[in-house]
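These notes concern the structure reproduced below.
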Amino acid sequence: MALIDTLRKDMFSATKEGNSLKSDILKMAISSIKNVQIASGEELSDSQMEKILRKEVKKIEDSIAQYSQMGRDDLVEKESAQLDVLVEYLPDQISVDDIEKVVRGKIEELKPEGMRDMGKVMGAVMNEVGENADGNTVREIVQKYLQEA
């Protein structure tokens, strides 16, 4: 079953159950996917839909950070619940240990000359891990290893 179909089915189930929080966030996710489909004029693959969901997750994480700074625990709680719902539909992220193995391998392969080659290492690592790793986490690990080199 395509990801969009799963999202729709779960949205209808959540609506029937009276779970407005889940149905609302799923409606938003479906809407975002539909908007991209309309703009591109073609059907999206599951991986393209996952990319859209990751963008939505990133927006929610940014909102949580801002609400935390403002001391709005009520909004943090709501956004966190929405985040939990969306994360269920995404494949698991690669562990930090696995990212470090890839970074070490690429550093050995590319033989970078310090921080100025960070872009080259980042590009190679991101090509290998794809969407299954958070770019910020990869950047932090690459920086750590390049500073040690």
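The values are calculated or read from the model by the stated rules, or taken from the named source; none is laboratory data. Not measured: the values here are computed from a predicted model. Please note: Cβ atoms are built from the backbone with ideal geometry, for glycine as well, and neighbour counts cover all protein chains shown. What goes into the accessible areas is simple: the full protein's heavy atoms, side chains included, and nothing from ligands, DNA or RNA. Shrake-Rupley method; radii C 1.70, N 1.55, O 1.52, S 1.80 Å.
Compute the accessible area per residue over the chain, keeping the other protein chains in place, probe 1.4 Å, unit Å². Numbers along the way, then the final one.
Working: 9030 Å² over 149 residues.
Value for the chain: 61 Å² per residue.
Straight-line reach from Lys111: which lysines have Cα under 19 Å away, leaving out those fewer than 8 places along the same chain?
Here the lysines satisfying the reach criterion relative to Lys111 are Lys101, Lys120, Lys144.
Roughly how many Å is it from the Cα centre of the range 3-27 to that of the range 118-140, as a whole number?
Taking the Cα centre of each part, the range 3-27 and the range 118-140 sit 33 Å apart.
Kirkwood Rh over alpha-carbon pairs of the chain, then Stokes-Einstein at 10 °C and 1.306 mPa s: what D in µm² s⁻¹, rounded to an integer?
Values: Rh = 17.5 Å.
This corresponds to a translational diffusion coefficient of 91 µm²/s.
Count the net charge of all other residues whose Cβ sits under 14 Å from the Cβ of Tyr67, scoring Lys and Arg as +1 and Asp and Glu as -1. Please report the intermediate quantities before stating the final value.
Working: positive: Lys59, Arg72, Lys78; negative: Glu61, Asp62, Asp73, Asp74, Glu77, Glu79.
That works out to -3.
Could you calculate the contour length gain from Met115 to Asn136, that is, 0.36 nm times the residue separation minus the distance between their Cα atoms, to one decimal place in nm?
Numbers: separation 21, 0.36 × 21 = 7.56 nm, distance 1.60 nm.
Net length gain for the segment: 6.0 nm.
I'd like to compare 105-111, 128-134: which one has the highest average count of other Cβ atoms within 10 Å, and what's the full order after that? All intermediate terms of the calculation are to be shown ahead of the outcome.
Working: 105-111: 13.4, 128-134: 16.1.
Listed from highest to lowest mean packing, they are 128-134, 105-111.
Cα to Cα, under 19 Å, and not fewer than 8 places away if on the same chain: which lysines meet these conditions relative to Lys55?
Lys22, Lys27, Lys34, Lys78
List the equivalent ellipsoid semi-axes of the range 1-40 in whole Å, largest first, each obtained as the square root of 5λ for an eigenvalue λ of the Cα gyration tensor. Show your work: numbers first, answer last.
On the way: eigenvalues 81, 25, 5 Å².
Ellipsoid semi-axes (Å, largest first): 20, 11, 5.
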